[in-house]
1. DSSP loop (so not H, G, I, E, B), at most 14 other Cβ within 10 Å: list which chymotrypsin sites (Phe, Trp or Tyr not before Pro) in region 24-110 pass both filters.
2. Using amide H atoms built in the peptide plane, which far-off residues or other-chain residues are under 5 Å from residue 41 H to H?
3. Could you run the Karplus curve 6.51 cos²θ - 1.76 cosθ + 1.60 with θ = phi - 60° over region 127-136 and give me ³J(HN,Hα) per residue in whole Hz, x for Gly and Pro?
4. Quick one: grab the alpha carbon gyration tensor of the chain, order the square roots of its eigenvalues as a ≥ b ≥ c, and give me rounded if a/c is under 1.5, else prolate or oblate depending on whether a/b is larger than b/c.
5. As a test question: what accessible area, to the nearest 10 Å², does residue 1 have when a 1.4 Å probe is rolled over all protein chains in place?
6. State which stretch of the chain is the longest one without any exposed trypsin sites (Lys or Arg not before Pro), exposure meaning a DSSP loop state and at most 14 other Cβ atoms within 10 Å.
7. Enumerate the lysines that residue 22 could reach by cross-link, defined here as Cα to Cα under 17 Å, with residues fewer than 8 away along the same chain left out.
8. Compute the distance in nm between two label points, each set 7 Å from the Cα along the Cα-to-Cβ direction, one at residue 52 and one at residue 20.
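The values are calculated or read from the model by the stated rules, or taken from the named source; none is laboratory data. These numbers come from a predicted model, not from an experiment. Virtual Cβ from ideal backbone geometry, glycine too; neighbours counted across all protein chains shown. Ligands, DNA and RNA are stripped out before the accessible areas are found, and what is left, the full protein with its side chains, is counted by its heavy atoms. Shrake-Rupley method; radii C 1.70, N 1.55, O 1.52, S 1.80 Å.
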Amino acid sequence: MRVLRTYLRTPPMPGGMEKHIKNLTIHQNEDYSCNVCFNTGNKITDYDIKILPNINLSWLKPNFLGVISFYLMTCVYFLFRQKDQYDVLHIHGDWSSLLVASWLRKLISAKAVVFSIHDQLINDFQRKMLVRQLHKVDLIFTS
């Protein structure tokens, strides 16, 4: 099984999500082929994909602008790489991470989309935006 994991940042960037993504990727590579698509940080495997390596998208404010920019550029990257196919697209983040999930799923021919939500959903806007995107997801992990 081939898994494409996506998130804006990887270690050595600080944060629990970054460490979680690294540990999960290392562990899953024992049984599967798991690659990470990211913008800031270091590769976890030799086959990871760094999108816009000279631009730190996590500095854009509000935060969702950086996330949306990352996912749009990820779609552009895979648009020109027709041979790249994955069984699972595993997206980490908040509601904005799902805005182009359907496009990315189609570009990599993923059979399933897994979403790990790392957001507190502290206001009605965030909750409403998430609910509008959930139809794109086959499995959700939350904490």
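1. Numbers: sites: 32, 38, 47, 59, 64, 70, 71, 77, 78, 80, 86, 95, 103; in loops: 32, 47, 80, 86.
Answer in residue order: 32, 47, 80.
2. When sequence neighbours closer than 5 places are left aside, the close amide H contacts are 10.
3. Taking θ as phi minus 60°, the curve returns 4, 5, 5, 5, 4, 5, 9, 5, 5, 7 Hz for region 127-136.
4. Rounded, because the longest to shortest axis ratio a/c is under 1.5.
5. Accessible area of residue 1: about 110 Å².
6. Details: sites that count: 43, 81, 83, 111.
Segment 1-42 is the longest.
7. 43, 50
8. 2.4 nm
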